[in-house]
Amino acid sequence: MVSNKSRLLRLYRYLYLNTDSEHYTTKNEIMDALRDGDTVYSRQTVRDDIDTLTREGYDVETVVSSGNYYYFRDREFTLEELRMMSDAVDSSRFISRRQKAQIRKKLKNFCSRYQAQTLDRHLISVEPSRKEDRSVLEMADLLHDAINRGRRVSFQLWAEDPQADADDANAACRRRAALAAEGAEFVCTPLDLVWDGERFFLVGLEDPDGTPALYALERLVRPLVLELAALPRPEGFRSEQFARNALDL
């Protein structure tokens with residue numbers, strides 16, 4: 001015998017996966033779908049369970065007619081939002097094909113089976129593969145962790161600081177470029193990650209004086225999260241504006 005709690009969960013899952021604003025179900029269809037050898041569903045049982053789900057805040061809509069119809073209306077994401085996320089995943093150069101397929105499969109769990117068919121997009125990336133993309137993604141995860149934990153990080157730079165490429169690069173930029181050439185270790189407080197459409201950058205505060213700096217993630221070598229507490233963010237400092245100025249955007 002199926003318990004009342006299990007019966008409600010099965011009903012919720014059935015409505016969530018098999019109905020939407022364009023696809024309804026009836027009491028008879030619900031009874032057929034949920035019937036098993038040990039449990040007999042009646043029309044009144046279905047009605048009572050739908051009322052229970054509604055009282056508990058689940059948005060099950062009833063279309064009143066000669067024979068009522070039901071569908072699950074409100075979801076965590078709209079279909080348009082799910083399509084945007086699916087397209088964003090497909091266009092990402094940092095996610096492998098296998099991971100993209102896994103993520104698309106998970107996104108389909110947020111809509112009905114009819115809507116899920118429309119999430120099979122036809123966006124194909126023809127960008128050349130880059131071996132360093134995976135390491136950049138892993139580095140971004142490490143830096144996010146450091147920011148969320150309020151910790152400093154250390155790393156080396158295998159190439160010049162991107163700020164040093166500008167004609168008007170200041171003394172701090174030139175100093176970083178010289179230290180990078182010597183294989184020096186840098187310690188900074190990570191503040192934010194910036195994406196300019198092509199590359200990830202780290203906005204941080206250099207030790208020991210807290211000078212703002214910008215680093216391209218693909219140029220960081222052996223990053224480590226330290227147990228040193230992060231330096232406080234300067235009052236009024238905006239990473240987006242700092243990065244735009246540093247990249248001359």
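The values are calculated or read from the model by the stated rules, or taken from the named source; none is laboratory data. Just so it is clear, the structure is predicted and the values come from calculations on it, not from any experiment. Quick reminder, even Gly has a Cβ in these numbers, built from the backbone with ideal geometry, and neighbours come from all protein chains shown. Protein only, heavy atoms only, side chains kept; ligands, DNA and RNA dropped before computing areas. Shrake-Rupley method; radii C 1.70, N 1.55, O 1.52, S 1.80 Å.
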- line: When the range 219-246 is checked residue by residue, the ones that are open to solvent by less than 40 Å² (accessible area, probe 1.4 Å) and farther than 23 Å from Arg149 by Cβ are Ala246
message: I'd like the full set of residues that are surrounded by 12 or more Cβ atoms within 10 Å (Cβ to Cβ) and either in contact with a strand residue (DSSP E or B) (Cβ under 6 Å, 6 or more places away or on another chain) or closer than 24 Å to Lys5 by Cα (or both), limited to the range 70-105.
response: Tyr70, Tyr71, Phe72, Arg73, Arg75
- prompt: Conditions: (1) more than 23 Å from the chain's Cα centre (by Cα); (2) open to solvent by 50 Å² or more (accessible area, probe 1.4 Å). Trp195 meets all but one. Number of the miss?
  reply: (1)
- line: The correct count of residues that are in a loop (DSSP other than H, G, I, E, B) and among the aliphatic types (A, V, I, L, M) in the range 72-121 is 1
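One line per residue, one yes/no per condition, for (1) at pLDDT 80 or above; (2) over 17 Å from Pro208 (Cα atoms); (3) open to solvent by less than 50 Å² (accessible area, probe 1.4 Å); (4) of a type outside the set (A, V, I, L, M):
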residue: Ala140; (1), (2), (3), (4): yes, yes, yes, no
residue: Asp145; (1), (2), (3), (4): yes, yes, no, yes
residue: Arg152; (1), (2), (3), (4): yes, no, yes, yes
residue: Phe155; (1), (2), (3), (4): yes, no, yes, yes
residue: Asp165; (1), (2), (3), (4): no, yes, no, yes
residue: Ala169; (1), (2), (3), (4): no, yes, yes, no
residue: Arg176; (1), (2), (3), (4): no, no, yes, yes
residue: Ala181; (1), (2), (3), (4): no, yes, no, no
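What are the residues in the range 54-85 that are of a type in the set (A, V, I, L, M), over 21 Å from Ala116 (Cβ atoms) and without any contact (Cβ under 8 Å) to a residue 24 or more places away in the chain, if any? Let's see the steps before the verdict.
Taking the range 54-85 and keeping what is of a type in the set (A, V, I, L, M), we get 60, 63-64, 79, 82, 84-85.
Okay, now just the ones that are also over 21 Å from Ala116 (Cβ atoms), so 63-64.
Selection gives Val64 alone.
Just to verify a result, which residue in the range 12-69, among those that are charged (D, E, K, R) and part of a loop (DSSP other than H, G, I, E, B), is surrounded by the fewest Cβ atoms within 10 Å (Cβ to Cβ)? Give the derivation first.
So the first thing to find is which residues in the range 12-69 are charged (D, E, K, R), and the list is 13, 20, 22, 27, 29, 32, 35-36, 38, 43, 47-49, 51, 55-56, 59, 61.
Narrowing the set further to residues that are part of a loop (DSSP other than H, G, I, E, B) leaves 22, 35, 38, 56, 59.
Details: Glu22: 9, Arg35: 11, Asp38: 7, Glu56: 9, Asp59: 12.
Applying the filter and picking the extreme gives Asp38.
Every residue, every condition in (1) of a type in the set (Gly, Ala, Ser); (2) at pLDDT 75 or above; (3) buried (at least 18 other Cβ atoms within 10 Å of the Cβ), yes or no:
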| position | (1), (2), (3) |
| --- | --- |
| Gln115 | no, yes, yes |
| Glu127 | no, no, no |
| Glu160 | no, no, yes |
| Glu185 | no, yes, no |
| Leu191 | no, yes, yes |
